[in-house]
Amino acid sequence: MTPRKNGVLIQKGKVSSDLPAYTYKEAVRQSAANALTAARGLLADQEEFAQIVSLTVYLNAEDGFEAHSTLTDFASEYLYEQLGAKGVGSRAAVGVASLPGNAPVEIQLIAAVAVGS
């Protein structure tokens, strides 16, 4: 999921090392929120997340950008706020040459599901 709100990207362009990491915080958190909302939409009645198994954060990064894990921390922080310990899984941060719509970030989640009580 990219950082879209009401179908519109809230931020566009390459992630730059010339700007502070917090410049991208809202976009990363929006992407994480969109991914979690999409995953929740797939849950059947009585199902709940047992665990976020994997979080992958793709960054539309300029050459020389090195703070991939700092931006990924924003997504991890959001998932922890929403799901507690269930929101913490393995993670990867990947720099890429481009993303759809020139988005700065795209997030992929893999979650384990359990039947709730």
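The values are calculated or read from the model by the stated rules, or taken from the named source; none is laboratory data. Note that the coordinates shown come from a computational prediction; the quantities given were computed from them, not determined experimentally. In this analysis, Cβ positions are derived from the backbone assuming ideal geometry, glycine residues included, and neighbour counts consider all displayed protein chains. The protein model used for the area step is the full one, side chains on, heavy atoms only, and it has no ligands, DNA or RNA in it. Shrake-Rupley method; radii C 1.70, N 1.55, O 1.52, S 1.80 Å.
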Just one of the numbered conditions (1) hydrophobic (A, V, I, L, M, F, W, C); (2) under 21 Å from A111 (Cβ atoms); (3) surrounded by 13 or more Cβ atoms within 10 Å (Cβ to Cβ); (4) out of contact with any Asp or Glu (no Cβ under 7 Å at 6 or more places or on another chain) is not true of A44; which one? (3)
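Go through segment 1-40 and report how many residues are of a type in the set (S, T, N, Q), more than 11 Å from the chain's Cα centre (by Cα) and under 15 Å from Y58 (Cβ atoms).
Summing the residues that are of a type in the set (S, T, N, Q), more than 11 Å from the chain's Cα centre (by Cα) and under 15 Å from Y58 (Cβ atoms) in segment 1-40 gives 1.
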Filter segment 89-117 for residues that are surrounded by 13 or more Cβ atoms within 10 Å (Cβ to Cβ) and not aliphatic (A, V, I, L, M); the one that is modelled with the lowest pLDDT is G89
Between residues in segment 22-48 that are touching a residue at least 40 places away in the same chain (Cβ under 8 Å) and in a loop (DSSP other than H, G, I, E, B) and residues that are among the β-branched types (V, I, T) and open to solvent by 80 Å² or more (accessible area, probe 1.4 Å), which pairs lie under 8 Å by C-beta distance while being six or more apart or on different chains? Q46/V115
Which number in (1) on the phi < 0 side of the Ramachandran plot; (2) touching a helix residue (DSSP H, G or I) at 6+ places or on another chain (Cβ under 8 Å); (3) of a type outside the set (S, T, Y); (4) assigned to a loop (DSSP other than H, G, I, E, B) marks the one condition that A93 misses? (4)
Can you tell me how many residues in segment 3-59 are touching a Gly at 6+ places or on another chain (Cβ under 7 Å), more than 27 Å from A85 (Cβ to Cβ) and hydroxyl-bearing (S, T, Y)? 1
The listed residue being among the hydroxyl-bearing types (S, T, Y) and in contact (Cβ under 8 Å) with a residue 40 or more places away in the chain, out of S90, S54, S76: S54
What is the residue count in segment 62-88 for residues that are under 21 Å from P3 (Cα atoms), open to solvent by less than 70 Å² (accessible area, probe 1.4 Å) and in a loop (DSSP other than H, G, I, E, B)? 2
